[in-house]
Amino acid sequence: MPKARRMSSSSLRGTAMKILLVYPQYPDTFWSFKHSLKFIAKKAAFPPLGLLTVAAMLPDVWPKKLVDLNVEPLTDEQLAWADLVFLSAMIVQKESVRQIIARCKAQGKKIVAGGPVFTTQHEQFAGVDHFVLNEAEITLPLFLHDLAMGHAKPVYCSRERPDICKTPVPLWSLIDLGNYATMSIQYSRGCPFNCEFCDIIIMNGRVPRVKSPEQMQVEFQALFEAGWRKSVFIVDDNFIGNTPQVKQLLPVLIRWQQEHQFPFTLLTEVSVNLASDEELMQLMSAANFFKVFVGLETPNRDSLVECGKKQNTAGSLAEVVETIHRHGMQVMGGFIVGFDHDPENIFDMQVRFIQQIGVVTAMVGILTALPQTRLWHRLKAEGRLLSDATGENTDGRLNFEPKMEREKLLAGYRELVNALYSPKQYYQRINTFLNNYTPTARTRVNREDLLAFMRAAWRLGIVSKARFRYWKLIVKTFFVNRRALPIAVELAIHGFHYEKILKRVCRP
């Protein structure tokens with residue numbers, strides 16, 4: 001097992017502490033899958049991987065508990081038990097973070113906070129006693145040392161990028177895996193690209209750092225031994241950012257999957273250059289990847305150049321999607337409107353483009369200036385910043401003054417998502433996707449899948465206004481592309497969730 005970077009018990013003798021790790025609640029968002037989860041009786045989509053990893057960096061002798069507010073409420077008894085409360089959060093969890101801080105302060109509890117929202121804007125969170133920012137492999141040992149000496153500082157930060165081969169396996173024993181739809185593992189940090197709107201390089205840098213193949217095999221084995229047998233999200237900013245290293249990893253994962261009868265289906269985030277590397281696509285397919293998220297952004301080339309997404313201008317984005325689909329991996333796409341170079345008809349362009357390429361899961365948002373990004377600094381210098389980012393990709397809010405007339409942009413965005421997620425357009429995209437999709441992943445139909453199918457048959461096949469489209473999809477898939485039937489049902493269920501989420505966006 002990789003050597004964990006944690007303070008030894010001897011160095012903290014006499015200071016054993018009860019640690020309560022608290023993960024804030026997500027609002028109901030595009031990626032929360034709140035309405036989809038009901039079909040499979042799960043409470044949350046993904047576990048709090050960051051906190052589970054931090055827990056593994058703490059001394060073994062310290063008692064630890066983890067409360068994920070997306071799964072269960074935080075009780076006064078749990079707070080009373082703790083000596084220290086550790087918080088980690090994304091920007092979108094801000095409101096829940098402030099509620100947790102208030103409860104901790106009411107009980108006189110010391111708070112240690114880290115993670116994305118604190119790293120870029122910790123000054124907004126009064127009440128936190130110690131900020132452990134940037135990457136915990138560097139800053140957490142510094143905090144623990146000072147804590148043992150009795151003089152822990154308010155803020156710990158570092159520009160140093162750690163060797164993540166020394167990152168320990170997450171402490172899976174702190175959670176009930178059965179509460180989650182998908183497990184998470186991290187392979188790399190950092191991305192070689194420098195998109196203007198993205199905060200990834202602020203957090204993790206532009207040089208992708210990777211774990212060794214042996215370490216990844218250990219992490220896969222740990223999840224397997226914990227009893228997990230379903231999808232695993234490799235949460236990297238760009239899984240293929242260091243392609244030579246990935247090509248060394250994948251044969252190891254393929255061999256491990258074969259030896260264990262393919263217990264995991266894999267999903268991750270990649271850049272468009274995946275489609276130009278036949279060897280890499282074949283390896284990912286053989287390793288049982290079945291979904292990839294790709295930032296496609298826009299069909300308007302001038303807007304891609306504006307935001308520094310030049311890798312998306314090298315060829316046809318439609319061909320990128322079609323190629324990846326042919327290799328058995330469903331493309332989930334990110335799309336943006338609100339660039340300075342967007343033409344007046346960008347909304348119709350996006351609808352036509354997304355329908356044409358058959359990206360069913362199309363996360364379309366208005367451009368957002370995230371804290372400390374190149375976009376944020378540019379707009380601030382131009383006097384165009386209006387407010388903080390909400391961190392939610394699809395809430396239809398603007399935090400800067402756009403070049404397009406403000407009301408025109410907001411109205412156009414509402415019309416865009418309303419069109420994309422109308423039953424007619426959504427089911428058309430599913431059919432377009434299935435026409436180009438060749439299933440290759442080895443999947444296991446289990447009790448949860450059967451439960452989801454039965455609930456979908458009732459909720460989507462009988463109660464829904466789109467019931468005729470649903471049954472047409474199911475019958476056609478059964479006879480034409482039977483191996484794709486589970487994903488057809490899944491996409492129909494997700495459509496139910498997206499429709500619920502985007503209803504509020506479509507209200508003027």
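The values are calculated or read from the model by the stated rules, or taken from the named source; none is laboratory data. Quick caveat, the model's predicted, so the values are computed rather than measured. Backbone-built Cβ (ideal geometry, glycine too); neighbour counts: all protein chains shown.
Only residues that are in contact with a Ser or Thr (Cβ under 9 Å, 6 or more places away or on another chain) and either among the small types (G, A, S) or within 20 Å of F46 (Cα to Cα) (or both) were counted in the range 247-300, giving 16.
Just one of the listed residues (T361, T390, T438) is within 20 Å of M90 (Cβ to Cβ), touching a His at 6+ places or on another chain (Cβ under 9 Å) and β-branched (V, I, T), and it is T361. Any chance you could count how many residues in the range 437-465 are of a type outside the set (K, R) and in a helix (DSSP H, G or I)? Count: 14.
In this structure, F468 does satisfy being more than 25 Å from the chain's Cα centre (by Cα), part of a helix (DSSP H, G or I) and either loosely packed, with under 15 Cβ neighbours inside 10 Å or not assigned by TED's automatic domain parsing to the domain that holds V337 (or both).
Which residue out of I111, I101 is in contact with a His (Cβ under 9 Å, 6 or more places away or on another chain) and under 25 Å from E77 (Cα atoms)? Write out each step before concluding.
Values: I101 fails: in contact with a His (Cβ under 9 Å, 6 or more places away or on another chain).
Only one candidate qualifies: I111.
Condition test on S158, is it polar (S, T, N, Q) and either surrounded by fewer than 18 Cβ atoms within 10 Å (Cβ to Cβ) or in contact with a helix residue (DSSP H, G or I) (Cβ under 6 Å, 6 or more places away or on another chain) (or both)? Taking the combined requirement at face value, the residue satisfies it.
How many residues are assigned to a loop (DSSP other than H, G, I, E, B) and in contact with a strand residue (DSSP E or B) (Cβ under 6 Å, 6 or more places away or on another chain) when one looks only at the range 369-395?
Summing the residues that are assigned to a loop (DSSP other than H, G, I, E, B) and in contact with a strand residue (DSSP E or B) (Cβ under 6 Å, 6 or more places away or on another chain) in the range 369-395 gives 5.
Condition (residue is touching a Ser or Thr at 6+ places or on another chain (Cβ under 7 Å), assigned to a loop (DSSP other than H, G, I, E, B) and within 21 Å of M404 (Cβ to Cβ)) applied to the range 340-358: is it met by at least one residue? Taking every residue of the range 340-358 in turn, at least one turns out to be touching a Ser or Thr at 6+ places or on another chain (Cβ under 7 Å), assigned to a loop (DSSP other than H, G, I, E, B) and within 21 Å of M404 (Cβ to Cβ). If only residues of the range 376-407 that are aliphatic (A, V, I, L, M) and surrounded by 12 or more Cβ atoms within 10 Å (Cβ to Cβ) are counted, the one that is nearest to I366 (Cα to Cα) is L398. Listed here are the helices (runs of 4 or more DSSP H) enclosed by the range 14-87 that have at least 3 residues being at negative phi and crowded, with 17+ Cβ neighbours inside 10 Å: 34-37, 49-57.
Considering every residue within the range 451-459, establish whether at least one is among the small types (G, A, S), within 16 Å of V360 (Cβ to Cβ) and without any contact (Cβ under 8 Å) to a residue 60 or more places away in the chain. For the range 451-459, residues among the small types (G, A, S), within 16 Å of V360 (Cβ to Cβ) and without any contact (Cβ under 8 Å) to a residue 60 or more places away in the chain: absent. On the basis of being in contact with a helix residue (DSSP H, G or I) (Cβ under 6 Å, 6 or more places away or on another chain), in contact (Cβ under 8 Å) with a residue 60 or more places away in the chain and not aromatic (F, W, Y), does L249 make the cut? So L249 fits the description; yes. Taken as a whole, the range 161-184 holds at least one residue that is over 18 Å from A56 (Cα atoms), among the β-branched types (V, I, T), out of contact with any helix residue (DSSP H, G or I) (no Cβ under 8 Å at 6 or more places or on another chain) and in contact (Cβ under 8 Å) with a residue 60 or more places away in the chain.
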